[in-house]
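Read the structure below first, then the notes.
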Amino acid sequence: MAEHADHSEYNEEESLIEKIEDKIHFDHFSSSSSDSDTEKKPASAPEAASPSSVKAAIWRLFGREKPVHQVFGGGKPADVFLWRNKKVSASVLGGATAIWVLFELLEYHLLGLVCHLLIFTLAILFLWSNATTFINKKRPHIPEVHLPEEPILEIASALRIEINYTLRVLREIASGRDLTKFLSVIAGLWVLSVLGNCCNFLTLFYISFVLLHTVPVLYEKYEDKVDPLVEKAVKEIKKQYAVFDAKVLSKIPKGPLRDKKKA
């Protein structure tokens with residue numbers, strides 16, 4: 001009996017030790033699993049944030065960081081250029097097309113067209129105002145038309161800022177500080193001179209107006225496809241310019257003024 005009791009107590013002690021070991025093993029496993037989960041969470045955080053960071057790191061045309069609508073000012077002109085209001089944009093483009101047809105295809109002159117329109121309008125209003133006395137009807141209400149001061153001042157201020165900026169850029173180019181900018185401006189002016197020889201100013205202005213109403217909206221729609229292609233083209237141009245600089249531009253003798261500055 002005593003041996004049986006000792007054996008049962010021994011078995012109970014063994015089972016108790018096993019339970020304690022199992023408990024320790026379970027606690028260790030649970031703590032390690034929680035630690036691994038906590039280690040995984042910070043690793044997953046960058047993965048969740050990676051699309052935005054990748055999107056922010058995408059190369060954009062002209063190095064812009066704002067949407068196309070904000071680049072155009074974000075106001076009514078931007079809405080017109082990007083066709084936010086299709087009726088207004090279509091009417092503006094249609095008006096420009098009508099003006100181009102009148103002056104370019106029908107060969108109207110501006111002064112003659114304005115005079116003919118004023119003659120026609122004044123004659124109709126004059127006859128209508130005098131005819132009302134004979135037919136006992138009200139005279140036509142001719143509204144008072146006046147130009148508001150604030151928009152005119154805003155346009156003049158914007159033009160002044162742009163003209164001053166252009167003059168400052170031309171002054172920097174003429175001072176001989178930036179050869180790259182000088183070559184790009186010369187190339188742009190040469191292209192404009194070629195276009196000016198091919199067509200007159202009105203046609204060139206109309207083409208620019210149409211491009212301004214079509215290219216931005218198409219770019220905004222397909223910018224994710226256009227930007228990578230432009231990036232490749234810009235890299236290739238920079239590569240070719242580096243070769244041209246190494247072979248040609250670097251061999252041009254520098255003036256004494258620039259040598260003194262470097263010294």
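The values are calculated or read from the model by the stated rules, or taken from the named source; none is laboratory data. Just so it is clear, the structure is predicted and the values come from calculations on it, not from any experiment. So basically every Cβ, Gly included, is an ideal-geometry build from the backbone, and we count neighbours across all protein chains shown. To get the accessible areas, we keep the full protein, side chains included, count just its heavy atoms, and leave off ligands, DNA and RNA. Shrake-Rupley method; radii C 1.70, N 1.55, O 1.52, S 1.80 Å.
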Report whether or not residue 179 is under 26 Å from the mean Cα position of the chain (by Cα), of a type in the set (A, V, I, L, M, F, W, C) and closer than 26 Å to residue 238 by Cβ. no
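One line per residue, one yes/no per condition, for (1) among the aromatic types (Phe, Trp, Tyr); (2) open to solvent by 100 Å² or more (accessible area, probe 1.4 Å); (3) assigned to a helix (DSSP H, G or I):
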residue: 102; (1), (2), (3): no, no, yes
residue: 125; (1), (2), (3): no, no, yes
residue: 136; (1), (2), (3): no, yes, no
residue: 147; (1), (2), (3): no, yes, no
residue: 162; (1), (2), (3): no, yes, yes
residue: 168; (1), (2), (3): no, yes, yes
residue: 182; (1), (2), (3): yes, no, yes
residue: 197; (1), (2), (3): no, yes, yes
Which listed residue, of 257, 211, is open to solvent by 60 Å² or more (accessible area, probe 1.4 Å) and at pLDDT 90 or above: 211
Select from segment 76-93 the residues that are surrounded by 10 or more Cβ atoms within 10 Å (Cβ to Cβ) and not hydrophobic (A, V, I, L, M, F, W, C) and write down the one among them that is nearest to residue 214 (Cα to Cα). 89
Options 180, 203: the member that is of a type in the set (Val, Ile, Thr), closer than 27 Å to residue 252 by Cβ and in contact (Cβ under 8 Å) with a residue 60 or more places away in the chain: 180
Every pair of residues 6+ apart whose Cβ atoms lie under 6 Å, when the first sits in segment 158-177 and is at pLDDT below 90 while the second is in a helix (DSSP H, G or I): 173/181; 173/182; 173/185
Kindly indicate whether residue 221 is of a type in the set (D, E, K, R), over 30 Å from residue 248 (Cβ atoms) and at pLDDT 85 or above. yes
Right, residue 155: under 29 Å from residue 203 (Cβ atoms), open to solvent by 80 Å² or more (accessible area, probe 1.4 Å), at pLDDT below 90 and not charged (D, E, K, R) or not? yes
Does residue 226 meet the test of being over 22 Å from the mean Cα position of the chain (by Cα) and not hydroxyl-bearing (Ser, Thr, Tyr)? no
If the Cβ limit is 9 Å and pairs must be 6+ apart or interchain, which residue in segment 106-121 that is within 28 Å of residue 141 (Cα to Cα) pairs with which residue that is in a helix (DSSP H, G or I) and of a type outside the set (Lys, Arg)? 113/102; 113/103
Residue ID - modelled with the highest pLDDT, chosen from residues in segment 227-254 that are among the aliphatic types (A, V, I, L, M) and within 16 Å of residue 182 (Cβ to Cβ): 248
Taking the criterion of being under 22 Å from the mean Cα position of the chain (by Cα), open to solvent by less than 60 Å² (accessible area, probe 1.4 Å) and of a type outside the set (Gly, Ala, Ser), would at least one residue in segment 234-245 satisfy it? yes
